[in-house]
1. Anything in segment 175-195 that is surrounded by fewer than 22 Cβ atoms within 10 Å (Cβ to Cβ) and within 9 Å of the ligand (Cβ to nearest atom)? List them, or say none.
2. If you check every pair at least six apart or on different chains, which have Cβ atoms under 9 Å apart with a residue in segment 267-296 that is closer than 20 Å to residue 143 by Cα and assigned to a helix (DSSP H, G or I) first and a residue that is away from the ligand (no atom under 12 Å from the Cβ) and charged (D, E, K, R) second?
3. Can you tell me which of (1) loosely packed, with under 14 Cβ neighbours inside 10 Å; (2) in the same structural domain as residue 195 (by TED's automatic domain parsing); (3) of a type outside the set (D, E, K, R) is the one residue 330 doesn't meet?
4. If you go through segment 112-140 one residue at a time, how many are more than 17 Å from residue 270 (Cα to Cα) and either buried (at least 18 other Cβ atoms within 10 Å of the Cβ) or not charged (D, E, K, R) (or both)?
5. Can you tell me which residues in segment 149-173 are within 16 Å of the ligand (Cβ to nearest atom), touching a residue at least 40 places away in the same chain (Cβ under 8 Å) and buried (at least 18 other Cβ atoms within 10 Å of the Cβ)?
6. Of everything in segment 201-219, what is within 14 Å of the ligand (Cβ to nearest atom) and of a type in the set (Phe, Trp, Tyr)? Give them in sequence order.
7. Among the residues that make up segment 234-247, is at least one of them within 21 Å of the chain's Cα centre (by Cα) and either within 16 Å of the ligand (Cβ to nearest atom) or under 29 Å from residue 200 (Cα atoms) (or both)?
8. In this structure, is residue 262 surrounded by fewer than 18 Cβ atoms within 10 Å (Cβ to Cβ) and part of a helix (DSSP H, G or I)?
Amino acid sequence: MSSTIILGIESSCDDTSASVICDGVMLSNVIANQAIHSSYGGVVPELASRAHQLNIIPVVHEALKRAGIEKHQLSAIAFTRGPGLLGSLLVGTSFAKGLAQSLQIPLVDVNHLQAHVLAHFISEGKADEQRPEFPFLCLLVSGGNSQIVLVKSYDNMEVIGQTIDDAAGEAFDKCAKVMGLPYPGGPHIDRLAKDGNAKAFVFNKPHIPDYNYSFSGLKTSFLYLLRDKTKENPNFVEENLNDICASLQATVIDILMNKLRKAAKDLNIKQVAVAGGVSANTALRQAFHDHAAKYNWEVFIPPFAFTTDNAAMIAITGYFKYLKNDFCSIEKVPFSRVTNKF
Ligand code: KG4
């Protein structure tokens, strides 16, 4: 039987990425980050789509080269159709359509959030790889989303809880901005929190029903604390930076884990995964290990390369869809909004 070789293309936000996966095993995963946004304190959509246009050809070329694969060997092209920034998505979508047409191979559309979850199934060809078994819960935390996903199979996932305002990564980034840290602030808070006291300051936690999240109250209470303390001591932030970061980080993780624990208990599920950019956070990863020990969970934490946006997760999702002949017509257009099922 011949191999199934998928080229994955990701362009939903500010990373242009291409990856080649052969029979579920990753051969390459190339990511071009867009440094241009850091001076604006956030992603500027128009600049992002222009940068994708510049990056897409070299990135795809490099992914094929590193994989040692010629274009004519590809079985299909998988691309991120949404959710994300429409201008950014259009670049990857148009490129994928054009290449698939010229090669006369199928096109597979991929939901970006489903792909974050299925990143747990990317094989790097190592002997000790572990995969969650269905059904499992996945905490999906990134700059744009905070969700608890009930994963019933590769192609049947239900969002059982999600943020009603900001995402966890957004809360980190916005609070970091208030402290004068560079964008994106999440990794800086993670680094600074390592030398801080997580109990130094107390911030508001939300009281909302079900498995939903909210981070806007925390953000406001963070802002007020800094404002009040800075009135007393203008150097408050600089003098307490590590403690502020550690306390903020601990609060965010507490909020995330409380609802996840509730969902796992209610649904009697012990297989629990984490995915998305914020899953790179050291303390969140530790919280997962602690929960594994305390609640007898089997936890799945992705390698760092698969936490932030990457095309390997698009290619693996495309691979599973390809096996089911789940192809996409050329007429399909990108979508920006998050859906409750994927
Ligand atoms: O999934 P992702 O790459 O894409 C978006 O949704 O945009 O996630 C990016 C988010 C940013 O908010 C960033 O601050 C956060 O993930 N992030 C982290 C860490 N690394 C990335 N947050 C906390 N700790 C980290 N180590």
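The values are calculated or read from the model by the stated rules, or taken from the named source; none is laboratory data. Owing to the predicted nature of the structure, the values given are computational and were not obtained by experimental measurement. Here the Cβ positions follow ideal geometry from the backbone for every residue, glycine too, while neighbour counts run over all protein chains shown.
1. Across segment 175-195, the qualifying residues are 183, 187, 188, 190, 191.
2. Hits for this filter: 287/254.
3. Failing condition for residue 330: (2).
4. 12
5. So the first thing to find is which residues in segment 149-173 are within 16 Å of the ligand (Cβ to nearest atom), and the list is 149, 159, 162-163, 165-173.
Now restrict to residues that are touching a residue at least 40 places away in the same chain (Cβ under 8 Å): 159, 162-163, 165-173.
Within segment 149-173, 159, 162, 163, 166, 167, 168, 169, 170, 171, 172, 173 qualify.
6. 215
7. no
8. yes
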